Amino acid sequence: MVIFVTGAALLGVWQYQSSQQDKQDQVAELVHAKPKAFTDLIGPNDAFPWEQIGRPVTVSGIWMPEETIFIDGMERGSQVGFWAVTPVLVEDTESAVYVVRGWTPEVGSAPPAPRGHVTVTGWLQPSDWTDVADDRKSDNVFPQLDVSDLISRTSYDLYSAYMVRSPVEESWPASSMPVNDGATDVADVPAPQLPEPEATTGLRNLLYAIEWWLFGIFGVYVWWRYVRDTLRPRADDEDDDTDEEDPEKTTQDLRVRSDA
């Protein structure tokens, strides 16, 4: 029974891990999917399309280096530094989208913001929001990339999303997308929020895991019933004990009647 229950538990864990791996594989596939045009997913006045979070997008426009900002407290491994963020005025619109160019350990050591026309590929991200207040209103360093806060500090209309520039990888379509050289002098930043896998992804393995765990529980129940029934006296034995006592009782009854 111990071997059976242990085996059922381990098989359930294996199936559960397989279901989680299926989800991770699908997320990786979505993150490295063929990029879509930024303007096809969101308009200048549209709310953020949450179903598109973390999806690769491509935007074309003009860098606005004078609007460059830095996001404080960003980790990269064991180091804490800053995101270098520069908006791009989207082509054929009057709105801009902030693009996280990369990570830098110090604001002073960050490379100059790029200029000119660019076509950049990155991951679509929603506006950040925390309860951390920006105590330094006069500089270009912010505690988070909150579009609602930034829109009051720029002369351009802003999209309700921002982008994280993707690294150029040979196995991904991003490698064929031109990126301004000025945006590649900082360390790459992974997408903060990834797309959600489909609800049915890994469901079969998850059901198999539950099935194995139920088998284990059922095995414990059968063992418990067996032990209980083995240790408890049987009804036939009780009947036999009763039958053995009956002659004596009968004899006593006869003596009582004789004395009477």
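Table for the structure above
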{"quantity": "Accessible surface, segment 36-89, averaged per residue in Å² (probe 1.4 Å)", "calculated": "45 Å²"}
{"quantity": "Under-5 Å amide H pairs with Ser95, H placed in peptide plane, nonlocal only", "calculated": "Val90"}
{"quantity": "Potential lengthening between Glu29 and Arg232 on full extension [0.36 nm per residue; Cα-Cα distance subtracted]", "calculated": "67.2 nm"}
{"quantity": "Added length on full extension, which subtracts the Cα-Cα distance from 0.36 nm per residue, Thr93 to Asp149", "calculated": "18.0 nm"}
{"quantity": "Linear extension gain, Gln17 paired with Ala37, 0.36 nm per residue minus alpha-carbon span", "calculated": "3.7 nm"}
{"quantity": "Residues of segment 1-36 with amide N under 19 Å of the 7 Å Cα→Cβ point at Trp224", "calculated": "1-9"}
{"quantity": "Long-range amide H partners of Gly81 with built H, under 5 Å", "calculated": "Gly73, Met74, Glu75, Arg76"}
{"quantity": "Whole-percent carbon and sulfur share, accessible surface of segment 23-162, 1.4 Å", "calculated": "49 percent"}
{"quantity": "Qualifying GluC sites (Glu not before Pro) for segment 1-95 [loop in DSSP, other Cβ within 10 Å: at most 10]", "calculated": "Glu94"}
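The values are calculated or read from the model by the stated rules, or taken from the named source; none is laboratory data. Predicted, not measured: the structure shown is a model, and the values here were computed from it. Here Cβ is always computed from backbone atoms with ideal geometry, including for glycine, and neighbour counts include all displayed protein chains. Note: accessible area is taken over every heavy atom of the protein model, side chains too, but ligands, DNA and RNA are not part of it. Shrake-Rupley method; radii C 1.70, N 1.55, O 1.52, S 1.80 Å.
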